[in-house]
Amino acid sequence: MDPRIPRLRRKLAAIPFQPLRSHSFGEEQHKFFPGPRLAEARVAAFEADHDIVLPDAYRQFLRHIGGSGAAPYYGLIPLERCSLLVMNPQGEPGATRGFDGTEPRAHERDLFLNIIEMGCTDVCVIAVTGPLTGRVLIGNSDGYWGPNVSSATDFLDWYERWLNHMSAGRDNRALELTSPRLRAHPDRHRMAPKI
């Protein structure tokens, strides 16, 4: 087991009780409770069905913390509902790129797994093949914006960044965190886009 796992469990358990933490968009959905941990056989069956190998840090999270629930936005999607995506081909210079669904075993392009429920056509994916393997990206499946590749080296680092920023009471647009200071401001709705 990855040595970060116990630390992440402690941080996650403490978050709801921290009075000066940031508000995490969608937290009402998961209430900071991780879903049941996944058995090795269930993770291996998913990998075999989709002919992929999940990045180790994400796999460790599913096995030792939870298979759904507590995560940025509306939470971690249960593994059986996760879908494989490919990034749209490069268009005109400067044009944004979206994501399209793909069938299992259709591996002509780099694959991404949609892992976080963001709502609408926004996607939070983890790269499962290619040069970005293990990195988390946030974008829009229709290509309206993004994709934005996280600087975190893997899923566990990305998840810990969410917990740390929330605990510190920070604003973070990429993780949809709103500080207590901004939430208390009477003009918060007009101020939010300027942050």
Item checked: Accessible surface of residue 49 - all protein chains present, 1.4 Å probe, nearest 10 Å² -> 100 Å²
Notebook entry, point to check: Normalised by the number of residues in the chain, what is the relative contact order in percent for Cα pairs under 8 Å and 6+ residues apart?
Noted result: 22 percent
Item checked: Total charge dipole magnitude, region 108-183, about the Cα centre, Cβ charges on Lys, Arg, Asp, Glu only, Debye to nearest 20 -> 360 debye
Notebook entry, point to check: What distance in nm separates the simple spin-label points at residue 173 and residue 103, each placed 7 Å from Cα in the Cβ direction?
Noted result: 4.0 nm
Next item on the list: About the Cα centre of the chain, how large is the charge dipole given +1 on each Lys and Arg Cβ and -1 on each Asp and Glu Cβ? Please answer in debye to the nearest 20.
Entry: 1100 debye
Next item on the list: Please work out the FRET efficiency for the pair residue 39 and residue 10, using the Cβ-Cβ distance as r and a Förster radius of 35 Å; give the result to the nearest 0.05.
Entry: 0.90
Next item on the list: Springs between alpha-carbon atoms under 10 Å, Gaussian network over the chain: tell me which of 62, 20, 76 tops the mean-square fluctuations.
Entry: 20
Notebook entry, point to check: Once you put a point 7 Å from the Cα of residue 151 and another 7 Å from the Cα of residue 121, both along the Cβ direction, what distance in nm separates them?
Noted result: 3.0 nm
Next item on the list: For the chain, just run the numbers: alpha carbon Rg, then divide by 2.2 N^0.38 Å, N being how many residues it has.
Entry: 1.04
Note to self: On a 1.4 Å probe surface of the protein chains, which of 11, 31 comes out largest in accessible area, and what is the full order?
What the structure shows: 31, 11
Next item on the list: Evaluate the distance, in nm, between pseudo-label points positioned 7 Å from the Cα of residue 110 and of residue 160 along their respective Cα→Cβ axes.
Entry: 2.4 nm
Check: residue 1: accessible area at probe 1.4 Å, nearest 10 Å²?
Finding: 130 Å²
Note to self: Can you sort 145, 162 by solvent-accessible area, 1.4 Å probe, largest first?
What the structure shows: 145, 162
Next item on the list: Please calculate the 1.4 Å probe accessible area of residue 64, with all protein chains present, and give it to the nearest 10 Å².
Entry: 40 Å²
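The values are calculated or read from the model by the stated rules, or taken from the named source; none is laboratory data. Because the structure is a prediction, the values reported are computed rather than measured. All Cβ positions, glycine included, derive from the backbone under ideal geometry; neighbour counts span all protein chains shown. SASA here: full protein model, heavy atoms, side chains in, ligands and nucleic acids out. Shrake-Rupley method; radii C 1.70, N 1.55, O 1.52, S 1.80 Å.
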